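The values are calculated or read from the model by the stated rules, or taken from the named source; none is laboratory data. Computed from a predicted model, the values in this text were never measured in an experiment. Glycine also receives a Cβ, built like all others from the backbone with ideal geometry; neighbour counts cover every protein chain displayed. Just the protein is used for accessible areas: all its heavy atoms, side chains included, with ligands, DNA and RNA removed. Shrake-Rupley method; radii C 1.70, N 1.55, O 1.52, S 1.80 Å.
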Amino acid sequence: MSRIIIGVTVAISLCLAWSCAKKEGDREQSSASDKVVAQELADGGQALYESKCSMCHGSDGTAGIAGAANLQLTPLDSVALERVIADGRNAMPAFKTSLSETEIRDLAGYIMTLKK
Ligand code: HEC
């Protein structure tokens, strides 16, 4: 009788361990695909950044030409970055009339990769 109980207990714990391991795997997979998405956004943003932004901010974000903010040190998150790029601020021009929402999102993604 007690052997049966031990057997059942072992079977249940193996089952639990397996389902946990499976969930862990799923999670790794989704964070890997998040990284791919972030990388694709960054690649799209880089070309735009070089053509529209680097003349003031510099290729690495630190040039500070015309008082441009150092983008490596920006405290802004990606949503706030999108807002500044779209609406502009002081000497920073607004880009919402010349760039699409997707392009602005790509740029914010690229700036996130410049941040130190
Ligand atoms: C004409 C020069 C100029 C160009 C071109 C320019 N910027 Fe700026 N940018 C500035 C200036 C100046 C500031 C500081 C604004 C202020 O005084 O608040 C700034 C600030 C910013 C900030 C805010 C950073 C912070 O920490 O507050 C972001 C983000 C930014 N720029 C992104 C961009 C992007 C992306 C582009 C290209 C689409 C771009 N800028 C093009 C001049 C420029």
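The table for this structure:
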quantity	calculated
Residue, nearest to residue 89 (Cα to Cα), within the stretch 55-67, restricted to residues that are assigned to a loop (DSSP other than H, G, I, E, B) and over 23 Å from the mean Cα position of the chain (by Cα)	64
Any hit, the stretch 26-47, residues being open to solvent by less than 80 Å² (accessible area, probe 1.4 Å), modelled with pLDDT under 60 and not small (Gly, Ala, Ser)	yes
Count - residues of the stretch 56-101 that are open to solvent by 60 Å² or more (accessible area, probe 1.4 Å), near the ligand (Cβ under 8 Å from one of its atoms) and not hydrophobic (A, V, I, L, M, F, W, C)	5
Index of the failed condition, residue 112 passing every other in (1) open to solvent by less than 60 Å² (accessible area, probe 1.4 Å); (2) assigned to a helix (DSSP H, G or I)	(1)
Condition met for residue 2 (of a type in the set (Ser, Thr, Tyr) and either modelled with pLDDT of 95 or more or open to solvent by 60 Å² or more (accessible area, probe 1.4 Å) (or both))	yes
